[in-house]
Amino acid sequence: MLEVRDLSVSFGAVQALHSVSFDAEPGAVTAVLGANGAGKTTLLRTISGLVKPREGSVRFDGDPLLGRHVETIARMGVSHVPEGRGVIEELTVEENLRLATLWCLRKRERQAAIAETLGLFPRLQDFRRRHASTLSGGERQMLVLGRALISRPRLLLLDEPSLGLAPLVTAQLMALIRDQTEGTDLTVVLVEQNARSALSVSHHAVILNLGQVVVSDAAATVAADDALRHHYLGF
Amino acid sequence: MSLFFDYTLDGIANGMVYATLALALVLIYRATKIINFAQGAAGMLTTFIAFSLLSRGVGYWWAFVLVLVIGFAIGAACERILIRPLHGRSELNPVIVTIGLLVVFEGLAGAIYGNASRGFPAAFSQSGLRVGGTTIAFSHFDVFILIAVLALMAGTLVLFRYTALGLRMRATAFSREIARLLGVRVGLLLTLGWGLAGIAGSLAGLLAAPTSSFGPYYMDLVLVYGFTAAVIGGLESPVGALVGGLITGLCISYVGGYLGSGLEPLGALALLMVALMARPEGIFARPPARRV
């Protein structure tokens, strides 16, 4: 379980997060929703160690995450897929996947893991030796998702996976995220601008507004509350 | 015609040395976006260490290997102690530190060994090989240069293309943040990269010393030519460093041979300007990534 407590982050004079607290349960998707500038991306970057908070604590399965190196947090089983499809364009599809296996799998296990991941995304199978720079937006999103899952993470942080994708591709992606989570002990924190599709696969929803948690409730409850949706989510 | 042949051979041998220094600059630039102006001076310093070892009766090959190891250590230490603390500030700061290091290294060598230039022994004979009854401008030592540099280049290529360590190093060079998120210990790899560059720089120093006036400043021109070679090759590609080194070596050899050796640095400058005007991104630059 991920426990975020009283997390505050400032960039100079601008306070991005005000005492944010929430829990994310294993085997469930927790959606973090809100408008542009609400602090969603900063929240994920703080959990994975890229941003140093002013105060607060983040624990995962009881272990504190704050104050550790980014790569150490990654090796604790935290996979962060940053905004903007963070493929390494100069590497091939296969190299992108292999890179994520280097710290956690033995040499002989890597090829099997890569084959298994490519099985999840048949489109990528044909492109395995091509540079990631030649992939389309949807293909890149598949690659980063596959790369995040290949190390069998315990916590998956997804930042705007649907950004710029066609509705059909988004739906496939969301279904995949749900399939990977349910019945496992994977904890997923899904940051989305696209609240409607995020709520459709989430179990819990947290709404951020100007760096503060304004709602934290079951996803179904949030989706059913018309006033709430109109006010914070715009649909 | 036979003069042209001699100049060409001479250019290839020198070009290999420039390629080695260019490789050192490329290794550092592509990982940290810093031009290490102290690269040549570090090679000079380690070559002076070799000089001391040799004059104390240490065998050439022992000194050779030992000095490459020392070159690695100096490079790694520079990154860890001087460059790392500057991370996150303006990219100009570490560049100025490397210029400072250049001055320190040359001052140190001058203080210990004096500023006079002297001879440095070559591993093999420096008189021209005899092919079919005529002597060509390519010595046993030049053959050694060719083999040593090609071996270094091949080693670098195999490391980057075919090993897990090389994959980590490339990922670190291309996208530091993503590499860290995937569990790559980026700091360790940056130190390692500077260490590898230190090996290449030391090799360049050892190979350049016998044919130049060996003293605290003999690597200055090699740095200039190596930098020219690195820019021609695109600053980020080891293969580009090799090709750039050969182009630079040949160009300078022809300028020196036909127009007079005093014009060699000017020839390098002209080459650099032509290269920057014709192909500012370098011959082997990465294709611009497609943004979707």
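The values are calculated or read from the model by the stated rules, or taken from the named source; none is laboratory data. Small disclaimer: the values here were computed from a predicted structure and weren't measured. Methodologically, a virtual Cβ is constructed for each residue, glycine included, from the backbone with ideal geometry; neighbour enumeration extends over all protein chains shown.
Quick look at the numbers
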| quantity | calculated |
| --- | --- |
| Of residues in the stretch A:26-51 being part of a loop (DSSP other than H, G, I, E, B) and not aliphatic (A, V, I, L, M), the one nearest to the chain's Cα centre (by Cα) | A:48 |
| Residue match in the stretch A:74-82 (condition: farther than 17 Å from residue A:51 by Cα, among the hydroxyl-bearing types (Ser, Thr, Tyr) and not in a loop (DSSP other than H, G, I, E, B)) | no |
| Residue in the stretch B:170-180 that is surrounded by fewer than 19 Cβ atoms within 10 Å (Cβ to Cβ), within 14 Å of chain A (Cβ to nearest Cβ), touching a residue at least 60 places away in the same chain (Cβ under 8 Å) and not aromatic (Phe, Trp, Tyr) present | no |
| Residue in the stretch B:273-281 that is part of a helix (DSSP H, G or I), more than 20 Å from the chain's Cα centre (by Cα), within 14 Å of chain A (Cβ to nearest Cβ) and of a type in the set (A, V, I, L, M, F, W, C) present | no |
| Residue among A:158, A:176 that is modelled with pLDDT of 90 or more and under 28 Å from residue A:102 (Cα atoms) | A:158 |
| Meets criteria (in contact with a Ser or Thr (Cβ under 6 Å, 6 or more places away or on another chain), closer than 25 Å to residue B:179 by Cβ and at pLDDT 95 or above) for residue B:38 | no |
| Single condition residue B:216 does not satisfy, out of (1) more than 16 Å from residue B:36 (Cα to Cα); (2) in a helix (DSSP H, G or I); (3) of a type outside the set (Val, Ile, Thr) | (2) |
| Residue list for the stretch B:174-199, filter: touching a helix residue (DSSP H, G or I) at 6+ places or on another chain (Cβ under 8 Å), among the small types (Gly, Ala, Ser) and within 17 Å of residue B:33 (Cα to Cα) | B:179, B:187, B:193, B:195, B:197, B:198 |
| Positions within the stretch A:198-218 being crowded, with 21+ Cβ neighbours inside 10 Å and either among the small types (Gly, Ala, Ser) or free of Cβ contacts under 8 Å to residues at least 24 places away in the same chain (or both), in sequence order | A:198, A:202, A:205, A:211 |
| Lone qualifier among B:67, B:26 - being surrounded by 16 or more Cβ atoms within 10 Å (Cβ to Cβ) and either under 13 Å from the mean Cα position of the chain (by Cα) or closer than 18 Å to residue B:242 by Cα (or both) | B:26 |
| Single unsatisfied condition, residue B:237 versus (1) surrounded by fewer than 22 Cβ atoms within 10 Å (Cβ to Cβ); (2) away from every other protein chain (no Cβ under 14 Å); (3) hydroxyl-bearing (Ser, Thr, Tyr) | (2) |
| Whichever residue in the stretch A:68-103 is acidic (Asp, Glu) and under 22 Å from residue A:118 (Cβ atoms) and, among such residues, is farthest from the other protein chains (Cβ to nearest Cβ) | A:94 |
| Residue match in the stretch A:112-124 (condition: polar (S, T, N, Q), surrounded by fewer than 19 Cβ atoms within 10 Å (Cβ to Cβ), part of a helix (DSSP H, G or I) and more than 10 Å from every other protein chain (Cβ to nearest Cβ)) | no |
| Leading residue by the ranking (nearest to the chain's Cα centre (by Cα)) among those in the stretch B:82-92 that are surrounded by fewer than 14 Cβ atoms within 10 Å (Cβ to Cβ) and free of Cβ contacts under 8 Å to residues at least 12 places away in the same chain | B:92 |
| Those helices (runs of 4 or more DSSP H) lying entirely in the stretch B:103-201 with at least 3 residues within 30 Å of residue A:79 (Cβ to Cβ) and touching a Gly at 6+ places or on another chain (Cβ under 9 Å) | B:164-174, B:176-181 |
| Candidates A:14, A:20, A:32, A:58, filtered to the one that is free of Cβ contacts under 8 Å to residues at least 60 places away in the same chain, within 27 Å of residue A:177 (Cα to Cα) and away from chain B (no Cβ under 14 Å) | A:58 |
| Those residues of the stretch A:146-161 which are more than 10 Å from every other protein chain (Cβ to nearest Cβ) and not in a loop (DSSP other than H, G, I, E, B), in sequence order | A:146, A:149, A:155, A:156, A:158, A:159 |
| Any chance residue B:260 is surrounded by fewer than 24 Cβ atoms within 10 Å (Cβ to Cβ), without any contact (Cβ under 8 Å) to a residue 60 or more places away in the chain and under 18 Å from the mean Cα position of the chain (by Cα) | no |
